[in-house]
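Below is one structure, written out as structure tokens; comments come after it.
Coordinate-derived values only; no laboratory data. The model shown is predicted, which means the values in this text are computed figures rather than measured ones. We place every Cβ from the backbone using ideal geometry, glycine too, and count neighbours over all the protein chains shown.
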Amino acid sequence: MALVSEFLGQLSLNVGGNEPLYPTVVPALDFNPDRDAARIETAIKTKGVDEQTIIDVLTKRTYAQRREIAFAYERRTKKDMISALKGALSGTLETVILGLMKSTTQYDASEIRGSIKGLGTDEETLIEILCSRSNAELVEIKSVYKELFKKDLDKDVAGDTSGNFAKLLLALVQALYDAGVRIKGTDVPTWISIMSERSVPHLQKVFQRYKSYSPYDMQESIEKEVKGDLKRSFLVLVQCFENKQLFFARRLNEAMKSKGAKEKIVTRIIVSRCEVDLKKICSEYKSNFGQSLQKTITEHTKGDYQTALLSLCGPEE
């Protein structure tokens, strides 16, 4: 690992700006929260529940619009819309719809909380979220986590992970990114510093330049030199620096192709990215796997759950 550390240790880093958005869910035009609230109320009251109307309304509104519908629903019925939806829906559809009633940051914070509370840590979820979000997003997640759960995210992560894996996650969560810092050091601590004090455009150039120093690219070097959860974290970080939407496309493909489609992963990616970059994830999916994400969803899911996911992905392009 000495070559990698030496190379990384010579770099100075600049923190990047905001990433461009490629949402599939955009604000509905001609939006009327009172009309939508009335439709949701009727759908919930219908014998057997009218799931289609709930999907039609809530997957085609942004989080800000869904909140307005919830307020209008409460004014109308004197009841909480989220509780009403919880009572009316079940299974994977319920998970999608309740996920949509949270902001992207609240959803991320809740998923992190779910992965570290209770017996055993879900390292895969922790790695996916903490290693794929931007610096600005992580700062916001940390603040929302505190607001929602009255706990510090870094303390919860530290209490639930160990070793260099814990150090990396803490470096990400604590936002160790002073722009222009020159990092000295060797081995894993250097990697952790570099990976967490990160600007995407800068690191993309770093990885390209790395190939001229080494017979291996950055991912191959990580495969050879790091193990376990730390290796998985570094690989996610590098994949996200190189092409974040391709990383999510691969995750979706693996989850749906694996035996017993891993609905949790599919739900999390589609719900958390629909107002961020799901349109670009769809286009990466098609160019890398030869068929559309929508077609794969149709092949590997069913019922109302399938309908909701397809609605969030939008039409094939």
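Rounded, prolate or oblate for the chain? Axes are the square roots of the Cα gyration tensor eigenvalues, ordered a ≥ b ≥ c, and the cut-off for rounded is a/c under 1.5. Kindly include the intermediate steps, with their values, before the conclusion.
Details: a/c = 2.20, a/b = 1.82, b/c = 1.21.
It is prolate, given that a/c is not under 1.5 and a/b is the larger ratio.
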Please identify, among Leu148, Leu130, Leu29, the residue showing maximal mean-square fluctuation in a Gaussian network model of the chain using a 10 angstrom Cα cutoff. Leu29
Would you mind telling me which residue in Ser283, Ser199, Ser258 has the biggest mean-square fluctuation in a Gaussian network model of the chain, where springs connect alpha carbons within a distance under 10 angstrom? Ser258
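Going down the table (Lys86/Lys286; Lys142/Lys280; Lys47/Lys280; Lys60/Lys155; Lys150/Lys205; Lys78/Lys280), which pairs top 32 Å between alpha carbons? Provide the component values of the computation, followed by the final result.
Working: Lys86/Lys286 34 Å; Lys142/Lys280 26 Å; Lys47/Lys280 39 Å; Lys60/Lys155 37 Å; Lys150/Lys205 39 Å; Lys78/Lys280 40 Å.
Those over the limit are Lys86/Lys286; Lys47/Lys280; Lys60/Lys155; Lys150/Lys205; Lys78/Lys280.
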Identify which of Ile281, Ile82, Ile69 has the largest mean-square fluctuation in a Gaussian network model of the chain, with springs joining Cα atoms closer than 10 Å. Ile82
Value of [θ]222 nm, deg cm²/dmol, for the chain, DSSP H segments ≥ 4, -39500 (n - 2.57) each, nearest 500: -21500 deg cm²/dmol
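Find, among the trypsin sites (Lys or Arg not before Pro) in the range 13-86, those assigned to loop by DSSP (not H, G, I, E, B) with at most 11 other beta-carbon atoms within 10 angstrom. Mind dumping the intermediate values first?
Values: sites: Arg35, Arg39, Lys45, Lys47, Lys60, Arg61, Arg66, Arg67, Arg75, Arg76, Lys78, Lys79, Lys86; in loops: Lys47, Lys60, Arg61, Lys78, Lys79.
Here the sparse-neighbourhood loop sites are Lys47, Lys78.
Hey, what did the range 249-308 get for relative contact order, percent, Cα under 8 Å, at least 6 apart? List each step's numbers first, then the result.
Working: 35 pairs, mean separation 18.9, N = 60.
For the range 249-308, the relative contact order is 32 percent.
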Rounded, prolate or oblate: which fits the range 57-159 when a ≥ b ≥ c are the square roots of the eigenvalues of the alpha-carbon gyration tensor, with rounded for a/c under 1.5 and prolate only if a/b beats b/c? prolate
